[in-house]
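Enquirer: Below you will find the structure I want to go over with you.
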């Protein structure tokens, strides 16, 4: 091919990152950060290169995630045979099992039936219709991809919008349209915060925490839900009130025709055998996840079912995910249009986002490298001067930093870069690492200003009914509210649920960090 025909479709920031990454990598190698332990400098160089390429998206995020497999052995950090297994672990299979069930829900359109059912039950006036869409989007995003949820919800919303625009005119409907679109996008992100499988940053946290502090008790699905679900509820209510009562107003004569939703629901027909089967497995999976371990609710403790199982210490949430997903391979279909003999077919494996799996693995390898080389301790020493800063101040600063950083970067990649550093800082200032790591993880899902911040933002922006200025104006307010809500609710509720003492460093952090 002639040179003049070669076209580099990279953005300017990607081209800069492509060159800047290797430059900073080389520069870091010459810094000699810790003369007594040269691997600290080499590990820092790898971290700088991966961070630069992740932030600038110089090459695909999943490709950057593979760097440890090459650089660790070359730089004497870790053997490839030791690094490779880090990429596949129980957290990965929790993601895969949950995703398989979610994909099967989408295959049989169960997610659409659930969404329309919720919207029909809540819908009434314009504000209630928006609430219905938000509740449906948030609930589905707790279990399936927020991208898939947004893709499904937007066409339903647009059908309502088009009818209203035909009746009242585009200009008169603009406030309602913007509110509805933003409500869907924000609810998708907020719903994902509530469960470990709701969004990739949550799973990244779970595994990085285990790698960094192997002596600590892993965070179970039910514990995360009890801690994070109230934050989702509070944020959902505040966002709805802000959108419908403060930032946007609708004329009193404005009437939303609910027949669109009714027709969409009627078009689904009677619930099929396959839908009932998937719904049963989905409900059983959620219950098994939530009640696997003891749940402490204030003065009440709900015993976990794992107490009844021999060798319960060998069972985790991934066991549940894979076991329940496999059940769907044994249930025969009754639909004459089915392309495979069972409710879940082999095609489910082609739909798993393997690039996300690799991105997870890269983050896990990065965390392991921090721990193995002593880079965690080195970073912690640099922040030792922060000891004495009130925990709630550190939480607020962490939330604010992550919220605005992920406006322009991948929330998963950013979380995987930041969590090992926050773990080191927490140990250095003698506070519980969970106080910084969990709020940071939650805040990574709270980027509401820019279309590129999250897939739901991008999808609703693609509807052509909202401008960047409108999204940014509303988003910055909700960003700030998110920082406040996460900081306050986690400090008072999360610490109680997870038995965190803000004033002390737990024994597992001393031995594991």
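The values are calculated or read from the model by the stated rules, or taken from the named source; none is laboratory data. For clarity, every value in this text was computed on a predicted model and none was experimentally measured. Cβ atoms come from the backbone with ideal geometry, glycine included; neighbour counts cover every protein chain shown.
Enquirer: Across region 303-328, which residue is surrounded by the most Cβ atoms within 10 Å (Cβ to Cβ) among those that are under 27 Å from the mean Cα position of the chain (by Cα) and not in a helix (DSSP H, G or I)?
Expert: 328
Enquirer: Continuing with this model, one more query. Please verify whether region 55-78 includes one or more residues that are part of a helix (DSSP H, G or I), surrounded by fewer than 21 Cβ atoms within 10 Å (Cβ to Cβ) and at pLDDT below 90.
Expert: yes
Enquirer: Kindly list the number of the only condition in (1) at pLDDT 90 or above; (2) closer than 30 Å to residue 357 by Cα that fails for residue 112.
Expert: Only one criterion in (1) at pLDDT 90 or above; (2) closer than 30 Å to residue 357 by Cα is unmet by residue 112, namely (1).
Enquirer: Go through (1) modelled with pLDDT of 90 or more; (2) buried (at least 24 other Cβ atoms within 10 Å of the Cβ) and name the single condition residue 413 misses.
Expert: So residue 413 meets the others, but not (1).
Enquirer: Anything in region 250-269 that is surrounded by 11 or more Cβ atoms within 10 Å (Cβ to Cβ), at pLDDT 75 or above and in a loop (DSSP other than H, G, I, E, B)? List them, or say none.
Expert: 268 - this is the single residue of region 250-269 that is surrounded by 11 or more Cβ atoms within 10 Å (Cβ to Cβ), at pLDDT 75 or above and in a loop (DSSP other than H, G, I, E, B).
Enquirer: For residue 392, work out the one condition from (1) at pLDDT 90 or above; (2) surrounded by fewer than 17 Cβ atoms within 10 Å (Cβ to Cβ); (3) closer than 28 Å to residue 490 by Cβ it doesn't fulfil.
Expert: Residue 392 satisfies every listed condition except (1).
Residues checked against (1) under 30 Å from residue 81 (Cβ atoms); (2) surrounded by 20 or more Cβ atoms within 10 Å (Cβ to Cβ):
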{"position": "375", "(1), (2)": "yes, yes"}
{"position": "378", "(1), (2)": "yes, no"}
{"position": "386", "(1), (2)": "no, no"}
{"position": "402", "(1), (2)": "no, yes"}
{"position": "422", "(1), (2)": "yes, yes"}
{"position": "425", "(1), (2)": "no, yes"}
{"position": "483", "(1), (2)": "no, yes"}
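Enquirer: When you go through (1) within 26 Å of residue 199 (Cβ to Cβ); (2) surrounded by fewer than 19 Cβ atoms within 10 Å (Cβ to Cβ); (3) touching a residue at least 12 places away in the same chain (Cβ under 8 Å) one by one for residue 24, which number turns out not to apply?
Expert: Here residue 24 meets the rest and fails (1).
Enquirer: Still on this structure, I have one more. Say we look at region 282-297 and pick out the residues that are touching a residue at least 24 places away in the same chain (Cβ under 8 Å) and farther than 21 Å from residue 344 by Cα; which of these is surrounded by the fewest Cβ atoms within 10 Å (Cβ to Cβ)?
Expert: Looking at residues that are touching a residue at least 24 places away in the same chain (Cβ under 8 Å) and farther than 21 Å from residue 344 by Cα, I get 297.
Enquirer: Continuing with this model, one more query. Among the numbered criteria (1) closer than 30 Å to residue 372 by Cα; (2) over 24 Å from the mean Cα position of the chain (by Cα); (3) assigned to a helix (DSSP H, G or I), which one does residue 244 miss?
Expert: For residue 244, the failing item is (1).
Enquirer: OK, next. Of all residues in region 120-155, how many are assigned to a helix (DSSP H, G or I) and within 24 Å of the chain's Cα centre (by Cα)?
Expert: 22
Enquirer: Does residue 138 qualify as being surrounded by fewer than 19 Cβ atoms within 10 Å (Cβ to Cβ), touching a residue at least 60 places away in the same chain (Cβ under 8 Å), in contact with a helix residue (DSSP H, G or I) (Cβ under 7 Å, 6 or more places away or on another chain) and over 15 Å from residue 325 (Cα atoms)?
Expert: No; evaluated as a whole, the condition is false for this residue.
Enquirer: Still on this structure, I have one more. What about residue 183, is it within 27 Å of residue 150 (Cβ to Cβ) and not in a helix (DSSP H, G or I)?
Expert: So residue 183 does not fit the description; no.
Enquirer: Taking region 329-371 as the region of interest, how many residues are in a loop (DSSP other than H, G, I, E, B) and either surrounded by fewer than 24 Cβ atoms within 10 Å (Cβ to Cβ) or modelled with pLDDT under 90 (or both)?
Expert: 16
Enquirer: Just checking, which of 350, 301 is over 25 Å from residue 228 (Cβ atoms), out of contact with any helix residue (DSSP H, G or I) (no Cβ under 7 Å at 6 or more places or on another chain) and free of Cβ contacts under 8 Å to residues at least 40 places away in the same chain?
Expert: Result of the check over 350, 301: 350.
Enquirer: Looking only at region 27-39, how many residues end up being over 20 Å from residue 64 (Cα atoms) and exposed (fewer than 13 other Cβ atoms within 10 Å of the Cβ)?
Expert: 5
Enquirer: Still on this structure: Of all the residues that make up region 395-428, how many are closer than 16 Å to residue 491 by Cβ, more than 16 Å from the chain's Cα centre (by Cα) and in contact (Cβ under 8 Å) with a residue 40 or more places away in the chain?
Expert: Going through region 395-428 one residue at a time, the tally reaches 5.
Enquirer: Restricting attention to region 79-111, report how many residues are outside any helix (DSSP H, G or I) and buried (at least 22 other Cβ atoms within 10 Å of the Cβ).
Expert: Final tally of qualifying residues: 1.
Enquirer: So which helices (runs of 4 or more DSSP H) stay within region 410-513 end to end and still have 2 or more residues that are more than 17 Å from residue 396 (Cβ to Cβ)?
Expert: 411-428, 455-461, 468-489, 507-512
Enquirer: Quick check on residue 462: is it under 19 Å from the mean Cα position of the chain (by Cα) and at pLDDT below 90?
Expert: no
Enquirer: Looking at (1) modelled with pLDDT under 90; (2) not in a loop (DSSP other than H, G, I, E, B), which is the one condition that is false for residue 35?
Expert: Result: residue 35 fails condition (2) only.
Enquirer: If I filter region 379-394 down to residues being part of a loop (DSSP other than H, G, I, E, B) and more than 30 Å from residue 39 (Cα to Cα), which single residue comes out as farthest from the chain's Cα centre (by Cα)?
Expert: 388
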